[in-house]
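Reviewing the structure listed below.
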Amino acid sequence: PFIETKYAEYMLKYDSQHGQFKDEISHDDCGLVVGGKHIKFYAERDPANIKWSETGAEYIVESTGVFTTTEKASAHLKGGAKKVIISAPSADAPMFVMGVNEEKYTADVQVLSNASCTTNCLAPLAKVVHKNWGLKEGLMTTVHSYTATQKT
């Protein structure tokens, strides 16, 4: 990730949404230790070089915001991942939102987008409102939390 492990530890320990983390947590140069289990961090800029098969990881959540196309996110498959879920809108990957169109997902899809956090919040509600009463126009405001690429 694009964040130092000491900051990841702090942010997990004192999450502004979920409150203080109840289990034991620490960090080293390679990752976090959460409840006695080591979670490795990778500083690799090319996902194709991450050996997912060696870690036992099969499903990768691509949340860097950098690899948002099918081609770029597919690099994780070269390291042994079976599926890649992009946690952002994608220009070309199939997009699925729970409560909206998840029934269109098929098992042969290897790279998909779960849309954005904003879409996941708004789309299910908008679908219900539109289906029951009709929706012609809408306005929304989004407030986002701190991200790893923000240095302040």
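Going by the structure shown, is Pro89 free of Cβ contacts under 8 Å to residues at least 60 places away in the same chain, out of contact with any Cys (no Cβ under 9 Å at 6 or more places or on another chain) and within 30 Å of Met140 (Cβ to Cβ)?
Criteria met by Pro89.
Residue by residue through the range 101-123, note down the ones that are assigned to a loop (DSSP other than H, G, I, E, B) and within 22 Å of Gly65 (Cβ to Cβ).
Val109, Gln110, Asn114, Ala115, Ser116
Would you check which residues across the range 52-98 are assigned to a helix (DSSP H, G or I), farther than 15 Å from Lys40 by Cα and among the hydroxyl-bearing types (Ser, Thr, Tyr) and list them?
Thr70
In the range 100-123, what count of residues is obtained for those that are in contact (Cβ under 8 Å) with a residue 12 or more places away in the chain and either small (Gly, Ala, Ser) or not assigned by TED's automatic domain parsing to the domain that holds Ser63 (or both)?
Looking only at that region, the number is 4.
Please go through the range 47-59 and pick out each residue that is more than 15 Å from Lys82 (Cβ to Cβ) and either loosely packed, with under 11 Cβ neighbours inside 10 Å or in contact with a Phe, Trp or Tyr (Cβ under 7 Å, 6 or more places away or on another chain) (or both).
Of everything in the range 47-59, nothing turns out to be more than 15 Å from Lys82 (Cβ to Cβ) and either loosely packed, with under 11 Cβ neighbours inside 10 Å or in contact with a Phe, Trp or Tyr (Cβ under 7 Å, 6 or more places away or on another chain) (or both).
Of all residues being of a type outside the set (A, V, I, L, M) and more than 15 Å from Asp92 (Cβ to Cβ) in the range 60-72, which is surrounded by the fewest Cβ atoms within 10 Å (Cβ to Cβ)? Just the residue, please.
Gly65
The values are calculated or read from the model by the stated rules, or taken from the named source; none is laboratory data. Values in this document were obtained by computation on a predicted structure and should not be read as measured data. So basically every Cβ, Gly included, is an ideal-geometry build from the backbone, and we count neighbours across all protein chains shown.
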